[in-house]
Amino acid sequence: MRSIGIHTAISNFLLYVLGFFLIWEWLRPMEQLTNTGNVFVFILFLCLSLVIAYLRIHPILSGLIKIGYILFVLQYIFYGNSFFTFDWVGAFISEIIENVAILFDTNWPELTNMFKSLLFFILLWLMSYLIDYWLIKRRRIFTFFLLTMIYITVLDTFTPYDAYAAIIRTTLIGFTAMGMLTFYRMKDKENIQNSRFLAVKWMVPLLFFVVASAVIAYAAPKANPIWPDPVPFIQTISNNGGEGDGNGNGPHRVGYSVDDSRLGGDFEPDDTLMFQTEVESAHYWKVETKDTYTGKGWVQSEEAVEMNGKNFQRIEGAGDIPFVAFEEGNTVKTEGQESTVHFAQPFDYLLYPLGATEAVSSIDTTMIIETGSERISFDFPTDSYRVSYEKPEYSLSALTSADMSGYLRENPEMAARYTQLPQNLPQRVIDLAAEITKDEDNVFAKARAIENYFSGNGFVYSQSDVEIPADDEDYVDQFLFETKIGYCDNYSTSMVVMLRSLGIPARWVKGFTEGELVKQENNVSEYDVTNNNAHSWVEAYFPGAGWVTFEPTQGFSNENSYVNDVRNEADTNTEENEQTEQEAQQQREEQQVPEEETVASDQTEEFSFKKWWNAFTDFVAERWKWLVGGAALIAAMSWILFWKRHKWLPLFYIWKFKHRKKGDDFEKAYLTLLKMLQLSGWGKQDNMTLREYAKYIDHVMNTNEMAVLTSKYEEFLYKGNNQDCNWTEWKEIWERLIKKTAA
């Protein structure tokens, strides 16, 4: 009996191993075809489930072990805190409730990665139970084997996954398992006892024929396919209006998503119109902020989740928006404005600009305000709404003199929330932020230096060829040092992380850009906003001012208005010195008047006007033809030079500024460039900001250098110190741009 028990245990163990490898074939394509990370934890859970089934552990204890493993893994990957502190439980339960609501709304693409992982663990739990049921109790595996073969062959046909080796492995595993199960079914039917040697006699030929068949099939010549590859056809259908992504594994569709816990990967453009706006001045449309960087993406901190629960507000139809964007005082001047949104597609959230104060819906609906994430959702979707906001104008003096360290000491909760960084953040990210800002003497200049860092230094904006960090890689570190290719999420996340490493509170903001201008009448502009305009950017906090937006992504502009009061004192001193010098010069001239009058009178006595006039008329009479021709030639040359001045003036200005290096010279050179652009027909309109104008020039000239130079010019103004600016490194950009005005 003992030998029979050992034999049964060994045979069952082998069957569980074969079942494990069959399920593993379902997991292998995930890393290549999806953005799923940490596949190893799912494989380990599968092993754990099959081992528990093999050991026949009591169902209650078995369930507790599996639940404990699932909770531990989810907490470790998505929340990052210590498991046994249980601080993560509140956020976990809130996220479960939120995702269950999304499930009932059938808005499945909005499910978070944590909830998707939980569902996948549950699926593997069921799969392990079915393997135990099919292999041990029913002794049949053909259906699951057939489904596995269909699964991998379909993926091989319609996706980039190469299932050549997988088909061979599945064939070997499947036929071996079916042969073993056939033997045990016959043994049980015939009630054969002590079948140890009989099992060996059965298994050896079985393995021989399975392996031999696989080897022969692998080595045998194979005919070429007679059907064309269906993937290009399906991609063509998708690109011509299909709803899918081409092959079931293409890039994500660009658009707004609430799940940002795993950033990276490619995006496909989507020009579906989402909403239309009527605005007094263009601005970004904010949906929410996130405050906790995990190394892979963004989630809400426990504090934000707790704030959402405590300050959960419901406003019927219209009401004040409680978010505080600016500090009270004279450091931020605001101007009240209104914007209107008309939805073209159903959207669950209210979009608003920084400084929003009130929202009024066109229908009777309830707005649900989440204070922690600053997200506002609709209880019932509305067609349109009007939002009132305060457009800020910041004092550069307040920003550049902000006492950040003192503020953070007095506000530890603010510091903990908005300077949070993962413990495993690579040190070279922190070192890079310090290197970029080493020459800056105030926190605002440091923030501007990091914002402008991405406009050069080899960074490329692209929605394709964007890497997803591996399990042991940090998202920001990979972008800054390895790939340098990405879109807004890469740029904005990297800036937030580097600002936080410098002790500057910052948060990650999601929403939409202003969109495409379609109509402008009087003081109202109309914009179309599509999925392509989904965007992320940065907000940093400065004591005495409040939240200030930054736009590190190449090719994008979210212009702020600043009062340049940093240089007023220096300008006043300069004006006083100039006035004193003018008065002294005037006194010297008055003292010299008598002497000059005396000299002039003396010369009058010796000078004969009649003689001079007679000589002049004789000269003209003798050479009038040459004089007229010369004058005509000079006039013609002058007119040609004036007419073509945009051709030669750039060369003159290049020569003029060739050896100039000081800040004043850079300011004059930049203003000269603006004058030449105006002369060439690309002048700046009165309602344009410098960044908008730079974006327009880059579009016309097919470059991004005007935006770079404009950022440097603004940075020069913010510093407020002319002598510290050496613009030699930007001179080549300036020369290329001013040469293009002559084209």
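A short reminder: the numbers here are calculations on the coordinates, not readings from a lab. Computed from a predicted model, the values in this text were never measured in an experiment. All Cβ positions, glycine included, derive from the backbone under ideal geometry; neighbour counts span all protein chains shown.
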What ranking of Glu435, Glu451 emerges when the number of other C-beta atoms within 10 Å of each C-beta is taken as an exposure proxy, fewest first?
Glu435, Glu451
Which of the pairs Lys684/Lys739; Lys668/Lys739; Lys662/Lys684; Lys290/Lys712 have their Cα atoms more than 21 Å apart in this structure?
Lys662/Lys684; Lys290/Lys712
Using mean Cβ contacts within 10 Å as the protection proxy, how do 348-361, 166-179 order, highest first?
348-361, 166-179
Based on the inverse mean of 1/r over its pairs of different Cα atoms, what is the Kirkwood hydrodynamic radius of the range 457-571, in Å?
16.5
At R0 = 60 Å the Cβ-Cβ FRET efficiency linking Ile10 and Glu303, nearest 0.05, sits at 0.65
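Mind checking the full-extension length gain between Phe72 and Glu521? Use 0.36 nm per residue of separation minus the Cα-Cα distance, one decimal, nm.
Roughly 155.8 nm would be gained on extension.
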I'd like the distance separating the alpha-carbon centroids of the range 469-545 and the range 327-357, in whole Å.
18
Roughly what would the spin-label model give for Ser638 and Asp379, points 7 Å off Cα along C-beta, in nm?
7.9
Mind checking the full-extension length gain between Val200 and Glu335? Use 0.36 nm per residue of separation minus the Cα-Cα distance, one decimal, nm.
39.8 nm
Phe481 to Val89: extension gain in nm, 0.36 nm per residue of separation minus the Cα-Cα distance?
137.6 nm
Under 18 Å from the Cα of Lys66 - lysines, other chains or at least 8 residues apart:
Lys116
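Quick one: which of 405-415, 669-679, 500-510 comes out on top by average Cβ neighbours within 10 Å, and what's the full order, highest first?
Order by mean packing, descending: 500-510, 669-679, 405-415.
Rank the residues Phe479, Phe86 as a footprinting-exposure proxy: fewest other Cβ atoms within 10 Å of their Cβ go first.
The fewest-first ordering by Cβ neighbours comes to Phe86, Phe479.
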Which semi-axes, in whole Å and largest first, does the equivalent ellipsoid of the range 644-743 have when worked out from the alpha carbon gyration tensor as the square roots of 5 times its eigenvalues?
20, 17, 11
Could you give me D for the range 267-563, from Stokes-Einstein at 25 °C and 0.890 mPa s, where the hydrodynamic radius is the Kirkwood radius over C-alpha pairs? Units µm² s⁻¹, please.
123
As a footprinting exposure proxy, order Cys47, Cys488 by other Cβ within 10 Å, with the fewest listed first.
Cys47, Cys488
Of Lys695/Lys740; Lys296/Lys695; Lys296/Lys438, which sit over 22 Å apart, Cα to Cα?
Lys296/Lys695; Lys296/Lys438
Show me the three semi-axes of the equivalent ellipsoid for the range 401-530, from the C-alpha gyration tensor (sqrt of 5 times each eigenvalue), largest first, rounded to whole Å.
28, 23, 15
